[in-house]
Every structure is written in C-alpha cells, then in structure tokens.
Amino acid sequence: MKIAFYCPNKPLSHPLPSGDLTIARGIQQALRTLGHDCREIVAFRSRWFWKSHRGWLQAATSFVSAYRNAARFRPDIWLTYHSYYKSPDVLGPWVSRLLNVPYVLFQPMYSTRRRKQKKTRFGFYLNRMALKACRHAFTNNIDDLEALHRILPSRNTTYIPPGIFPEEFQADEKARRTIRERYDIARGETLLLTAAMLRADVKFESISYLLRSLALLKPEHGKFMLLLCGDGPMAGEVRSMADSLLPGSVVFAGRVARSEMPAYYSAADIFVFPGIGESLGMVFLEAQACGCPVVALDVAGVPQVVLPNETGLLVPRDGGSAMARAVEKLINDHQLRRRLAANGPVFITTQRNLHLNYTLLSEKLEKLVAIPATCSKYSC
C-alpha cells in the first residue's frame, strides 16, 4: 500500500526533538516495516501560517508541491499526523479529494473552546474542516476521544495505545557503569534522572516543580544526585534554580540524542519528571522499557503511559511534598524499586509495543483503501 504522509505541526526533518516528532517518525517506521511505502509528501509547517502574507504564500506553494508529489507517487491513501488549531491540515483534505483517495487523520485534536477566542478561531475552523473531511480518525490519547465524538461518529474513530519500539530501549549494564563513571556518581549513590527541553512552557514548569520537590528532601532521607538531560533557552534559569535549591546535587548533561538515552536510563535508579501538561510523555515509556521506575504526577496523560504502583509511583499535584515522599520511598525501599523496575519492560513489550499497536493501524488503513470510493464516510 502506498501512503502519502504529512505532518503539519512538525515535518519529519524538524531539528528539535519532541514527543510529537518521535510519534510521527514511529508511524512512518512501523508502516514501512509492515511493507508499506509511506512517504512524506510535503514538509510545510502550517503552524499559524495565516497570520502573515508569507505564510499564505508558503501554503499556496506547498499545496502545488503536495499535489505534484502525490500525483507522481499515486498513493492509495493520505495519512496526516496531528492536525489541530495551531497547525491545521489545509493540504490533505483537498489533495486527497483531487486524487480520489481516502483522507485519514492520526491524532487530530478538537476543542470547541478555541472558536470562542479571536486568536484561535480561524485555526479552529481550518482544523474543523480537516476533521469533517476525514474518512477515519485515529488517536493515541484516550482523553481526546470524547471531543472527537462531537464531530465524528464513534465508528469513524479508533483508539491505538501509545508506545515505543521496545528493542530501541533496553537496560544495558555496561552503559550504566560508563555513564555513572562519566558523571562521577559514587558507587551505591542513588541516581535520579530527568529529561526535558528547557523551554518556557510546561517543560520548564515541570522542571521547576521537580527541583522544588527534591529540595524538600533532607540528607537523612537518603543521598542522591539528579542528572538532567536537556537544553534550551531556559537552561540558565534552570541552572540558577538548581544551584539555589539543590547545591552540588544536580549534574547537567546538556542535550542528549534520543539514540543515546537508553544509556542514561540504564544508569539511573529512578526517573523523575512531573509531566505537567504532557498529553502522554514518551520519556516515561522509554524509562520503563529500560527498567527504570518512574515518579510523576497523576495528571494529564501520564496515567496512560505509567502503571501506578506497578511500574512507577504517581502522586497528586500538591506543591511538591507528595513527589518528594515518593522519591524518598524509592530511594530507601530497594525491594519496591526492583519490583517496579522488573515490571517496566514487561508493560512496554506487552501493552505499549508499537510493533503490535501499529499492526492494528495498518489493518485499518488497508480496510479503508478497500472501501469503494463511491461510499460515503458515514455509510461504509
């Protein structure tokens, strides 16, 4: 099957790492592994494009490029990843219609409150047009299903659990020793790990929350070091905060490539990240796959990717004391830590395995291609 693939929020070649980019690349990788020819048709980033004349020009030229590329490719289906009010898909609905192929969305978002705000109203209606045009919508966030059902019949939506490719994230004892030696982590010292882009949004909010939480721990609660992987415009402020709240207890690794992260998860004893505002949080899945127990807040999409009391500890957002107590518990309770660590890889392999989950995506796409073009999206 030939699949025309498009990512309006972040093209596959986007230089900055993120969970969205990881998911998009994972979709393409999985579909190719399953024998499909999945090609990115155009690299137009539609984020707020309508706010400038240049953006409109880019949209127009990208439409022409998308149509030409797709016409040469002759796809069986069009698949767009992540259309929402900031980055609506304004290409797929029209190009797919011109080519007479099914138009499908993966991880669209729909929020009616966006039409009430002047800043977001136009993007809301553009995204709404994409949703109304799609034959089927897939989502990997179960919290989005209710909103999608306001605009699409339930039979035209499918939930596919989020996940990773387990073979890419596995515990490595040699890597554990190497990383701990590199950052001079004493033998027997508990190493906490966190990872995030240090930018002025929910990522910085989470890191700030984490540092304030860990500052509540007293020396008698257990000695630890925090290794922070990540970089960004807020790095200076994070360093200042760490020096003030946790002097001598935070090591900055800088930006670490995703391919190198298994070594860091392997080195750590506990992965700590609040997850404020995270729709899912790919880092939680990666940590568990490497046998690293998680401590996070019981907020947003975190419970979809961490099994409470089985692969990690999820705590209420109370200002930081609950997170501090959970970290203290895992520092001192080695038996609990080992149990959570052992459960993590099993959870990922059996329930959050993209090889399994995207087989369902492949089968659904093949069925959509098999539906005659004369059928409407609601009657077939």
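The GluC sites (Glu not before Pro) of the stretch 204-271 include none that meets both criteria, a DSSP state outside H, G, I, E and B (loop) and at most 15 other C-beta atoms within 10 angstrom of the site's C-beta. In whole angstrom, note down how far apart the Cα centers of the stretch 120-166 and the stretch 40-97 are. Cα centres, the stretch 120-166 to the stretch 40-97: 18 Å. Taking the longest Cα principal axis of the chain as reference, the axis of helix 173-182 is set at about 70 degrees.
The residue list LEU227, SER111, VAL294 was ranked by how far each Cα lies along the charge dipole of the chain toward its positive end, using unit charges on Cβ atoms, and SER111 comes out on top. Dipole check for the chain: with +1 at the C-beta of Lys and Arg, -1 at the C-beta of Asp and Glu, and the Cα centre as origin, the magnitude is about 1740 Debye. Take every DSSP beta bridge whose two residues both sit in the chain; close to 0 percent of them are antiparallel. Put simply, the amide H of VAL315, placed in the peptide plane, has neighbours under 5 Å in ALA296, LEU297, ASP298, leaving out anything fewer than 5 places away on its chain. Under the simplified labelling scheme, the ARG113-GLU237 pair shows an inter-label distance of 2.3 nm, with each label point 7 Å from Cα along Cα→Cβ.
Across the stretch 229-243, rounded Karplus estimates of 3J(HN,Hα) from the backbone phi angles (6.51 cos²θ - 1.76 cosθ + 1.60, θ = phi - 60°) give 9, x, 8, x, x, 9, 4, x, 5, 5, 4, 4, 5, 5, 5 Hz, Gly and Pro being marked x. Given the choices (i) -0.49; (ii) -0.56; (iii) -0.61, log10 I(q)/I(0) by the Debye sum over Cα atoms at q = 0.09 Å⁻¹ derived from the coordinates of this structure is entry (ii). With a cut-off of 11 Å between beta carbons, the residues surrounding ASP269 carry a summed charge of +3, where Lys and Arg count +1 and Asp and Glu -1. Electrostatic tally near ARG74: other residues with Cβ closer than 14 Å to its Cβ, Lys and Arg +1, Asp and Glu -1, net +2.
Rounding to the nearest 10 and keeping the result within 0 to 90°, find how far the Cα-based axis of helix 202-214 lies from the longest principal axis of the chain. The angle comes out at about 20 degrees.
Remark on ASP172: its backbone amide H falls under 5 Å from those of SER266, a criterion applied only to residues 5 or more positions apart or on other chains, H modelled at 1.01 Å from N. Rounded to the nearest 10 degrees, the inclination of helix 354-370 to the longest alpha-carbon principal axis of the chain is 10 degrees.
Counting charges near LEU16 (Lys, Arg +1; Asp, Glu -1) among other residues having Cβ under 11 Å from its Cβ returns a value of +1.
Every number in this text was worked out from the coordinates using simple rules, so none of it is lab data. Please read all numbers here as calculations on a predicted model, not as lab measurements. Here Cβ is always computed from backbone atoms with ideal geometry, including for glycine, and neighbour counts include all displayed protein chains.
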